[in-house]
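Accompanying notes for the structure given below.
The values are calculated or read from the model by the stated rules, or taken from the named source; none is laboratory data. Computed from a prediction, not measured in an experiment: that's the story for all the values here. So basically every Cβ, Gly included, is an ideal-geometry build from the backbone, and we count neighbours across all protein chains shown.
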Amino acid sequence: MAASSEEIGEYTMAEVYNQEALGLIRQLDHREWLTYSLRIQGALAIRRNDYAQAETSLQEALALARQIEKPVYVCEVIKGLGDLALIQHHLNAAEDYFSEMMHQIPDGQQGVKAEALYRLGLVAAAKGETHEAKKRGDAALLILDEIGNSRLSGEVRVWVEKGYQPSLPIAF
């Protein structure tokens, strides 16, 4: 999942701006905004292939998300950590993160459930567990079609149509 030098440059600039925002948010001591900004920082670091920085930012975001007791934030950060593990082919860790995500989903957050199922399907595919990948992918697609999430359902549908082949999520 190597990014081009042009993409890395764009991500680096975005990270510079996000670092500036992080500094201001830390001064304000606004933990909710800090959690969100650290999650973004982690996603940008993943895109720049700086996995150590991604891990650091996401772990800090996870600790904050748990402190402020925002389950959706916890799920988003866990998803980022799971994506990071999946990219690095740490499949057991990725599966653990996405399984934890399934247990943290607040009531009524079907889109979050579908994302967790899809990512668990990606892990199963990477492990060569095609039946499990299909089961999870189909369940995610059913939810996404029911709630009308066209962005993610398109991504999942492409993966399903390609026969549940091992791949990485498009969006982090």
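With a requirement of 3 or more residues that are over 28 Å from Tyr51 (Cβ atoms) and not aromatic (Phe, Trp, Tyr), the helices (runs of 4 or more DSSP H) lying completely within segment 83-172 that satisfy it span 130-147, 150-161. Note on segment 116-144: residues that are over 22 Å from Gln104 (Cα atoms) and acidic (Asp, Glu) total 1. Looking across Asn49, Asn92, one residue alone is among the polar types (S, T, N, Q), surrounded by fewer than 24 Cβ atoms within 10 Å (Cβ to Cβ), at pLDDT below 95 and over 11 Å from the mean Cα position of the chain (by Cα). It is Asn49.
Looking at Val77, Val72, can you tell me which residue is within 13 Å of the chain's Cα centre (by Cα) and farther than 12 Å from Leu38 by Cβ? Unique residue meeting the criteria: Val72. Flag: Ala61 does not match the condition of being closer than 22 Å to Leu142 by Cα and assigned to a helix (DSSP H, G or I).
Of all residues in segment 101-141, those satisfying the criterion of being closer than 14 Å to Val74 by Cα and either touching a Leu at 6+ places or on another chain (Cβ under 9 Å) or outside the structural domain of Val160 (by TED's automatic domain parsing) (or both) are Met101, Met102, Glu115.
Only a single criterion out of (1) assigned to a loop (DSSP other than H, G, I, E, B); (2) of a type in the set (D, E, K, R); (3) buried (at least 21 other Cβ atoms within 10 Å of the Cβ) is not satisfied by Glu69, namely (3).
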